[in-house]
Amino acid sequence: VGPKKGRDGPYALAGVSCMSEHARKILWIFSSFGLDAPHRRYAELINRMGPKHEHVICALDQDTGAEALFDAETRWRALNPARKRGAGFSLGAMWSSRKALKAERPDLLITVGLGAGDWLTVNRGQGAAPHIHFEDPIGPGEAIEGADGAQDWARRQTMAARNRAFVAEGDEYERLLTKRWGAPASSVKRMPWGVDLTLVKPADRPEAPADGAPVVIGSLTPLVAEKRHDRLIRVLATLLERGRQVELRLVGEGPERDRLQAMAESLEVADRVAFIPRDGLDPAVAAEEAAQMDVCADLTDACRSPAGPTLALAAGLPILAARDGTAGRLASDSNAPFIRPFDDESALAASAESLVSDASLRRAIGVDNRAVASERHAMAAMVAA
């Protein structure tokens, strides 16, 4: 693996560079394959590879919800893990993984996430399959800061193996691979997060809202603790105290819903917060919901899944975001003044007030954000990468 130039791009894998010409058996090992944003992306990639290739799907936590997204023409089958994913590494898990790898004999092995680390360890030496490892936005229970020393040590032993390439979605994951785990920089490729721009389009918004009509700030992310919807509710309360006509629309479901509802009631803003129990990460749903928003907010303070912000860009919405989160590095230059420090809620409220009070500003930033989505985040570009 290396920067070898050819018709299949600068990071073609020897032995699989003609992927488009010959049918291949591809073994996918996921930490989880549920209906969250990263796995929706992989389901889309698998669909767009066409019916020629055979895909063998193994979810180590036995959550296979994303299989429901496969097209009828997609050729795939499930591989049940011999051992359910647990904490850290174990010799038993690696032995089971090695047996499965030898039995399947794939043309290409693709591993995704921290939990698939056993497979990086066992796919080595003579007979190793060509291997691509994706280190994607990390899900619950797989926080980078939570990785233990034994896991770090094991990764450092396997990252430099031959016949292997690595894919990172953003800066945080590229640093994780190269600086912390020692993957050769020449073997790491960045891949953009794609969105179907034919499906998610900007809504026709008036130059100015009708008199008395509230400005809608929305969110397209699951109601989980790391997304920090509590900050957004406090920002809403501040704007209402200042006399702004504004409403909050939280599209998604999750374990934080009861707590957030109780918080809205305690701040006496519950009548201005709408909880919409729809899958905001589904592009079709996101397109419908974004049409009812004027601003999209993502106030997480860590680089996580960029699905929600990317959908908002494609929908032509300005984004209110925390600086250390994902949205801040995706949005257009004109959106930059509204990316504020995550621990400065007064600055976030000031940015929100600026966006709420100026419809023409929102419209101009939205146009720029849509252009960024078209240039950097088209689904076709992601599939090609």
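The values are calculated or read from the model by the stated rules, or taken from the named source; none is laboratory data. Bear in mind the structure is a predicted one, so any value in this text is a computation, not a measurement. Virtual Cβ from ideal backbone geometry, glycine too; neighbours counted across all protein chains shown. Remember, those area values only see protein heavy atoms, side chains included, never the ligands or the DNA or RNA. Shrake-Rupley method; radii C 1.70, N 1.55, O 1.52, S 1.80 Å.
Structure notes:
- Checked against the criterion of being modelled with pLDDT of 90 or more, open to solvent by less than 70 Å² (accessible area, probe 1.4 Å) and over 28 Å from VAL224 (Cα atoms), the candidates ALA93, ALA78, ALA100 yield just one match: ALA78.
- Check on LEU220, modelled with pLDDT of 85 or more and open to solvent by less than 40 Å² (accessible area, probe 1.4 Å): yes
- If the condition is being part of a helix (DSSP H, G or I), out of contact with any Lys or Arg (no Cβ under 6 Å at 6 or more places or on another chain) and not small (Gly, Ala, Ser), then segment 350-368 contributes GLU353, LEU361, ARG362, ARG363, ILE365, VAL367, ASP368.
- Out of LEU250, LEU311, sole residue that is aliphatic (A, V, I, L, M) and in contact with a Ser or Thr (Cβ under 8 Å, 6 or more places away or on another chain): LEU250
- Single match in GLY194, GLY280, GLY182, GLY254 (criterion: more than 20 Å from SER354 (Cα to Cα), open to solvent by less than 60 Å² (accessible area, probe 1.4 Å) and over 21 Å from the mean Cα position of the chain (by Cα)): GLY182
Every residue, every condition in (1) open to solvent by 30 Å² or more (accessible area, probe 1.4 Å); (2) touching a strand residue (DSSP E or B) at 6+ places or on another chain (Cβ under 8 Å); (3) assigned to a loop (DSSP other than H, G, I, E, B), yes or no:
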{"position": "LEU250", "(1), (2), (3)": "no, yes, no"}
{"position": "ASP271", "(1), (2), (3)": "yes, no, no"}
{"position": "VAL285", "(1), (2), (3)": "no, yes, no"}
{"position": "ALA312", "(1), (2), (3)": "no, yes, no"}
{"position": "GLY316", "(1), (2), (3)": "no, no, yes"}
{"position": "ALA336", "(1), (2), (3)": "yes, no, no"}
{"position": "LEU348", "(1), (2), (3)": "no, yes, no"}
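- Residues of segment 118-134 classified as assigned to a loop (DSSP other than H, G, I, E, B) and in contact with a His (Cβ under 8 Å, 6 or more places away or on another chain), total: 1
- Any hit, segment 234-241, residues being touching a residue at least 12 places away in the same chain (Cβ under 8 Å), among the β-branched types (Val, Ile, Thr) and not in a strand (DSSP E or B): yes
- Scanning segment 200-217 for residues that are at pLDDT 85 or above and either among the acidic types (Asp, Glu) or part of a loop (DSSP other than H, G, I, E, B) (or both) gives VAL200, LYS201, PRO202, ALA213, PRO214.
- Residues in segment 119-137 that are at pLDDT below 85 and either open to solvent by 20 Å² or more (accessible area, probe 1.4 Å) or closer than 20 Å to HIS22 by Cβ (or both): THR121, ARG124, GLY125, GLN126, GLY127.
- Taken together, GLU241, GLU247 contain a single residue that is among the acidic types (Asp, Glu) and over 21 Å from ALA347 (Cβ atoms), which is GLU247.
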